[in-house]
Amino acid sequence: MTRRSATVDFRAVERQLEAIERADGDGDLEIARGATLHVSSLDKPFFPEAGLTKGALMRYYTRVAPFLLPEIEGRALVLKRYPDGVAGPMFFQQNAGEHVPDAVRVATLDTVDLGEKPRIIGGDLLTLLYTVQLGAIEVHPWLSRVGAIDWPDRCLIDLDPGDDVPFADVVALAREVARIADAHGLTVALKTSGSSGIHVVLPLPPRTSYETSADLAIRLGQAVVAANPERATLERSVKARPAGSIYVDALQNARGKSMAAPYSVRARAGAPVSAPLRPRELTGRRAPEICGARRSRRVPRREPSRERWRTCGKSPCRRHRSASASHAGTAANAVEGEGHMLDQQQDAEHGARERAPGEALYRRPMPGGGFVEVEIVVVEGATLPESDGRPHHGRIVMERRANPGRRAGHRAPVVAELSADDRDELMGELFRLAQDNPALARGLMRWQARHQGAD
């Protein structure tokens, strides 16, 4: 991966995009000296109801690039491609692909499960617009950067309300998350999700592991729900959530997962944007779709809301100037105590014994006979979950046995045989089990990142 230092005239790029779209929609875009990108179909409607074209989306990202690019600098991008706009089909793209222009930033990353793979890396306008050229409407960076791929610098909690929940209730819960985090010396950055929710992001000290980040999010989520049982829930299944509740999604912090970047357009009607919020902007009067892409000309050249995001990951703890990864772990333990949500006896029982390879962790009968089994395959003799502070080196295997009477070797991947509804229901049940089992939660998040793309 190479870094470019060429100066970009963003307004000039906007003017070029307008001219190309007014012509036939195809042309070569000069982004900087010696850096050009071929673009096509700029007149294609990407948001038909809002009257926004592919070219309009490119112009929006060009205008907000001074604020957006620092957020995705050095981060692998997960592409959610909509070649025909939001009205058409979507598919995920993780790898860079075979025919990437030389000017696009690409780095080979160790994906652990699939080995080394080329990934598109954010940080410059040409690469960003190339992803839009491919049909990527949203910008989804990893939670860690290339230089420290195993050490996330952000921890995400997504407040996802039901359809009948007023935005003011989401705001009130976001304030509660911020209060609990502040009580333990942690800073939070806030942004709208681009839908009806709010993203709460905690900057992490250098060399914080994904395991610590996941534990911190889970325990903070448990504390929030314990303090607000009438408003918040950890129930992952939409059907099983209490009416009027807000889902505190703390299960998005695995290696390979991503989040919608600040200023990212969301692939929803009206082209809403996931926009950073100042603390004083966190009021119920502010509409959730606060900054549609069609209003991009309202985005100022200096955006004060980005200040906390610009330091996200650099100054994580106001009261701990010499903060380290150990502080994140200490904070996770302290938050756990406030929440009173973990069953210590159950934790001790699970942590005291090793789970043998092939031992079923969860079993559910299937209609027509047979059953689904979820098991932990353990490598290097690790215990599940952590019993003495060691990271767990396991992976989740989800398999379906066609017939209970067959021997263990006759199995097939559950993702190939279950319908999407059955798979989602099964995952919901597993995540409910994982509320008291951080190791299982991390394994499920990794499985979800590999098999279902990133949210």
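Neighbour counts of C-beta atoms inside 10 Å place Tyr60, Tyr130 in the sequence Tyr130, Tyr60, starting with the fewest.
Which order do the peptides 183-190, 231-238 come out in when sorted by mean C-beta neighbours inside 10 angstrom, highest first?
Values: 183-190: 20.9, 231-238: 18.9.
The densest-packed peptide leads the list: 183-190, 231-238.
What order do you get for Leu77, Leu134 when you list them from fewest to most C-beta neighbours inside 10 Å?
Numbers: Leu77 26, Leu134 15.
Ordered by Cβ neighbours within 10 Å, fewest first: Leu134, Leu77.
A crude spin-label estimate for the pair Arg207 and Lys117, with each label 7 Å from Cα along the Cβ direction, gives 2.9 nm. Summarising the label geometry, the points placed 7 Å from Cα in the beta-carbon direction at Arg11 and Lys239 lie 5.6 nm from one another.
Working note: Karplus 6.51/-1.76/1.60 with θ = phi - 60° gives the stretch 7-22 the couplings 6, 10, 8, 5, 5, 5, 5, 4, 5, 4, 4, 4, 5, 5, 5, 5 Hz, where Gly and Pro are set to x. Seen through its C-alpha gyration tensor, with square-root eigenvalues sorted a ≥ b ≥ c, the stretch 10-70 comes out oblate because a/c lies at 1.5 or above while a/b is not bigger than b/c. Specify whether the C-alpha gyration tensor of the stretch 40-99 places it in the rounded, prolate or oblate class, a ≥ b ≥ c being the square roots of the eigenvalues: rounded for a/c under 1.5, otherwise prolate if a/b is larger than b/c and oblate if not. Judged from the Cα gyration tensor, the stretch 40-99 comes out oblate (a/c at least 1.5, b/c at or above a/b). In terms of other Cβ atoms within 10 Å, Met58, Met90, Met259 run from fewest to most in the order Met90, Met259, Met58. Computed from label points 7 Å out along Cα-Cβ, the spacing between Glu18 and Glu49 is 2.8 nm. With the biggest extent put first, the Cα atoms of the stretch 10-137 measure 45, 36, 27 Å across the principal axes.
Given 10 °C and 1.306 mPa s, compute D for the stretch 114-234 with the Stokes-Einstein relation, Rh being the Kirkwood radius over Cα pairs; round to the nearest whole µm²/s. Write down the numbers at each step before the final one.
On the way: Rh = 16.3 Å.
Translational D for this selection: 97 µm²/s.
If the chain between Ala183 and Asp150 were fully stretched, how many nm would it gain, using 0.36 nm times the residue separation less the Cα-Cα distance? Provide the component values of the computation, followed by the final result.
Numbers: separation 33, 0.36 × 33 = 11.88 nm, distance 2.76 nm.
That works out to 9.1 nm of additional length.
Looking at this model, which pairs from Lys54/Lys239; Lys44/Lys191; Lys117/Lys191; Lys191/Lys257; Lys54/Lys117 are more than 25 angstrom apart at the alpha-carbon? Violating the 25 Å Cα-Cα cut-off are Lys54/Lys239; Lys44/Lys191; Lys117/Lys191; Lys54/Lys117.
By how many nm would the segment from Asp28 to Ser195 lengthen if fully extended, with 0.36 nm per residue of separation less the alpha-carbon distance?
Details: separation 167, 0.36 × 167 = 60.12 nm, distance 3.40 nm.
Gain in length upon complete extension: 56.7 nm.
Apply the Debye scattering formula to the stretch 161-295, with a single equal point scatterer on each alpha-carbon and no solvent, then give log10 I(q)/I(0) at q = 0.14, 0.21 Å⁻¹. Taking Cα atoms of the stretch 161-295 as identical point scatterers yields -0.65, -1.45.
Only the coordinates and a few stated rules stand behind these numbers; no lab work does. Only a predicted model underlies this, so the values are computations on that prediction, with no experimental measurement involved. Cβ coordinates were reconstructed from backbone atoms using ideal geometry, including for glycine residues, and neighbour counts include every protein chain displayed.
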